[in-house]
Amino acid sequence: MYRLNQLCLAALLFAALGLSCSQDSSVPPTFDGPRAFSYLERQVAFGPRVPGSEAWTNCRAWYTSFFDSLGLKVDSQVFDFVDPYSGATLPLVNLMVSVAGRSTDQPGILLAAHWDCRPRCELASDPSLAAKPLDGANDGASGVAVLMELAVLLAEQPPPLGVQLVLFDGEDWGEPGDLEYYMLGSREFARRSVRGKYRFAIVLDMIGDKDQQIYREGYSQQYNPSLNDMVFAAASRLGLTTFHDSVKYYIHDDHLSLNSGGLPAIDLIDFDYPHWHTERDTPDKCSPEALENVGTLMVHLIYDPSLWPKN
Ligand SMILES: [Zn+2]
């Protein structure tokens, strides 16, 4: 009887241990907003990451060493763009970071942000600053900061299916109205084929505002309502009150390039940002909490493919 009890106890212990082990690998890791915010500040500290500038070169080297140090594979797409405003040839560089999933049975997902800064602040309150480049704390660095913190978590705890993180260059090059000179990096990325390689893509842009208000973006809703449904249902479950389940703006952003290439993509963007394209787009307008909201949502989606749209 005693021996039997001992065996039963051992069996119960094994069951409990097995359960806790399986819980460990299925529980999504915790997204660290303050650490993500430090990555936002670090990018801005390089200076405006305007394509071709010294800050752009130095920041890209830092990104590469950061992802290398996590043991993740970093590839780049280098291509030339002839600037219509100066006639000069501008080198542009997309960075792609690959994270293998525990299973390779199905295509994984793609998460992207733009790492370049706009070369001008045409909406500056002081017109003498209009020709100066943006610091791009929210417009650029916020999305990348979330991807960097995700990379840390993904390197520590492999996701169920593969994740491709992409840092697009040249998103914000064009002058107002010159739509063909925006989204340069994502156009090139899509041109090199994206169809069928990923289940879907989510673009993160301007998600760091300390007064965060994220609505369904109109083109995303038009082309991929099921992806928006997935995101906003998850935000509601997580109690993220800065997400609003209705369409407010239609934004030309990198998700349009991906959709044009045949990859279903949506844009998560907070366009209620009074500092947009001004000299005031600086880290003090952003917050760790805003990054953590979006990062936590992304972790939730990455680690639970059962939430993904079925087709
Ligand atoms: Zn912009």
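Rule-based calculations on the coordinates, nothing more; no lab input. Since this is a predicted model, take the numbers as computed values, not measurements. Using ideal geometry, Cβ is built from the backbone for each residue, glycine included, and neighbour counts are taken over all protein chains shown.
A few comments on the model shown:
- Segment D304-A45, extension gain: residue separation times 0.36 nm, minus the distance between their alpha carbons: 89.7 nm
- The chain, dipole about Cα centre (Lys/Arg Cβ +1, Asp/Glu Cβ -1), debye to the nearest 20: 1260
- Note on segment 70-184: Kirkwood radius taken over Cα pairs, Stokes-Einstein applied at 4 °C and 1.567 mPa s, translational D equal to 82 µm² s⁻¹.
- Highest to lowest packing among 140-146, 205-211, 34-40, scored as the average C-beta count within 10 Å: 140-146, 205-211, 34-40
- Under 5 Å between amide hydrogens, built in the peptide plane, is the criterion, and for C117 it picks out R49, V50 among residues at least 5 positions away or on other chains.
- Inter-label distance, nm, simple model (7 Å from Cα along the C-beta direction), A155/R195: 3.6
- Computed [θ] at 222 nm, deg cm²/dmol, the chain (DSSP H ≥ 4; -39,500 (n - 2.57); rounded to nearest 500): -12000 deg cm²/dmol
- Annotation for N58 and T241: the two label points, set 7 Å from Cα along the Cα-Cβ direction, are 4.1 nm apart.
- Annotation: the antiparallel percentage among DSSP beta bridges lying fully within the chain is about 45.
- Size check on segment 209-285: the Cα extents along the three principal axes, sorted descending, read 36, 30, 18 Å.
- Along principal axes, Cα extents of segment 103-157, largest first, whole Å: 55, 20, 12
- Geometric descriptor of the chain, per residue, is 145 Å³ (volume of the convex hull of the Cα atoms).
- Once C-alpha pairs closer than 8 Å and six or more residues apart are averaged by separation and normalised to the residue number of the chain, the relative contact order reads 23 percent.
- Total formal charge among the other residues, if their Cβ is under 14 angstrom from that of R42, Lys/Arg +1 and Asp/Glu -1: 0
- Computed from the C-beta positions of D284 and D126 and an R0 of 25 Å, the FRET efficiency is 0.90 to the nearest 0.05.
- Summing charges over neighbours of G239, with a neighbour being any other residue whose Cβ is under 14 Å away from its Cβ, gives -2 when K and R count +1 and D and E count -1.
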